[in-house]
Structure formats: structure tokens, C-alpha cells
1. Being more than 30 Å from Leu203 (Cβ to Cβ), among the polar types (S, T, N, Q) and in contact with a strand residue (DSSP E or B) (Cβ under 9 Å, 6 or more places away or on another chain) is true for just one of Thr65, Thr46, Thr16, Thr51. Which residue is that?
2. Write out, first by first residue and then by second, each pair whose Cβ atoms fall under 9 Å of each other, whose residues are 6+ apart or on separate chains, and whose first residue, in region 55-80, is without any contact (Cβ under 8 Å) to a residue 24 or more places away in the chain while the second is assigned to a helix (DSSP H, G or I) and among the β-branched types (Val, Ile, Thr).
3. Which residues, counting only those in region 37-55, are among the acidic types (Asp, Glu) and exposed (fewer than 14 other Cβ atoms within 10 Å of the Cβ)?
4. Among the strands (runs of 3 or more DSSP E) contained in region 1-97, which hold 2 or more residues that are touching a Gly at 6+ places or on another chain (Cβ under 8 Å)?
5. Which one of these does Pro148 not meet: (1) surrounded by fewer than 21 Cβ atoms within 10 Å (Cβ to Cβ); (2) at pLDDT 75 or above?
6. Among what's in region 31-61 and is within 20 Å of Gln114 (Cα to Cα) and either hydroxyl-bearing (Ser, Thr, Tyr) or not assigned by TED's automatic domain parsing to the domain that holds Asp20 (or both), pick the residue that is modelled with the lowest pLDDT.
7. If you go through region 189-205 one residue at a time, do you hit one that is of a type in the set (S, T, N, Q), under 18 Å from the mean Cα position of the chain (by Cα) and surrounded by fewer than 19 Cβ atoms within 10 Å (Cβ to Cβ)?
8. Scan (1) buried (at least 18 other Cβ atoms within 10 Å of the Cβ); (2) modelled with pLDDT under 95 for the single condition Lys4 breaks and write down its number.
Amino acid sequence: MIGKLTGIVESLTLTTAIIDVGGVGYEVTLGARQLSALPPVGEPVTLSIDTHFREDGVRLYGFATEHERAWFRALQTVQGVGAKVALAVLGTLSAADLANAVALQDKNHVARAQGVGPKVAARIVAELKDKMPALAPAIAIGGGAPHPIAVLPEGLAARDAVSALTNLGYAHGEAAAAISTAIAAAGREAGAAELIRLGLKELAQ
């Protein structure tokens, strides 16, 4: 099972890249966003890989980060979503944008991806909501440092934003800290939706 490749970009097509690793060329399938983020041909690259075994051979799907790969796997747990659709979603939306869409239950944002209809988009945002905490790398596991406890400014938007993050399974302390940082960046007049978006981005770092 291949989990990561580090090598040289040898060639590119509209959907794949050949990565030369010690003289062996691995064909990796990538989404549009992932392809556009690759360095030029001849430059080194490291990709997180999800390996799929199929009747007609082995297919490697490449991502810039482990976080993207985790979302790719999670998307495929949704009914009606296979590797092709999952890659299309992540080829259109960043992991942070997808997390924001799931948190806000914004199926229309997910439906922007090619091949994703309204029904599939609705299932994606509904079924992934409970899996959000597992997809956030900011959550400490084991003996990690405790999350800071933030004192939030007064305001309904801030309270709603913290409530939304805690409903997704984040601890109140980390949710409050993330929203406090979001308020510092966006200002006290920012609405709940904007604070949730920035809060999720902060938690994903």
C-alpha cells in the first residue's frame, strides 16, 4: 500500500501526473486544484497517496496534504459517492471550504463540483457533519497540550458560531479560541457564518 510519494514531476496531463521516484514513474490521478498546485515538470514534489485496487489494476490518487486525503476517504463513505466524485469535490473546493459547507449545511456550495447533483450534495453535507471532528487535524490526541479557553466578546453571532462548532463535536474551549481568533481577524461586526468559516479554518491549521 502506497501512502506517500516523494519524487520529481516527470509529466502532466489534464488528470494525472507521472512522479519519478528513483527511476520508477508512478502515475497519480489528481483533481483540478491538486494539479494546479503541483510544481513545474522537473521539480521535486511530495504527495499523500490513497491507493485503490481495481479489477483493471491499481490507481493512485494524490493530495497535497494528509488532511485532503482524509476528506477524500470520508467523502467516499457517503452513499453514491465514489472516488471520481470525491476527487471532483476536492478538485473544486479546498478542504477548508468543504468543512465550511458541511458545518453550514450548504449543499449548494458542494453542488458546484462537476458530477455532483443536489441530492448527492445534500447527502454529503448531512452525512459528514458527525465526522467533522475526526477530520480536523487541530484536535490533540493523547498527551497534547490543553486547548486555550477564550473569553469571547459579547454578541449573538459569536455565541451562535461557538455553538455551531461545539455541535460538530469540538470542545468548547477550542471552539471559543477559534472564534475569538476569527473575531480578531474579521471584526466584531462579522456575522455567524463568516465566524464559523474562519473558525473552521483556524481549527484546520
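The values are calculated or read from the model by the stated rules, or taken from the named source; none is laboratory data. The model shown is predicted, which means the values in this text are computed figures rather than measured ones. For neighbour counting, all protein chains shown are included, and Cβ atoms are generated from backbone atoms with ideal geometry for every residue, glycine included.
1. Thr16
2. Hits for this filter: Phe72/Val89; Gln76/Val85.
3. Glu43, Glu55, listed by residue number.
4. 4-12, 16-21, 24-29, 44-54
5. Failing condition for Pro148: (2).
6. By that ranking, first place goes to Ser36.
7. yes
8. (1)
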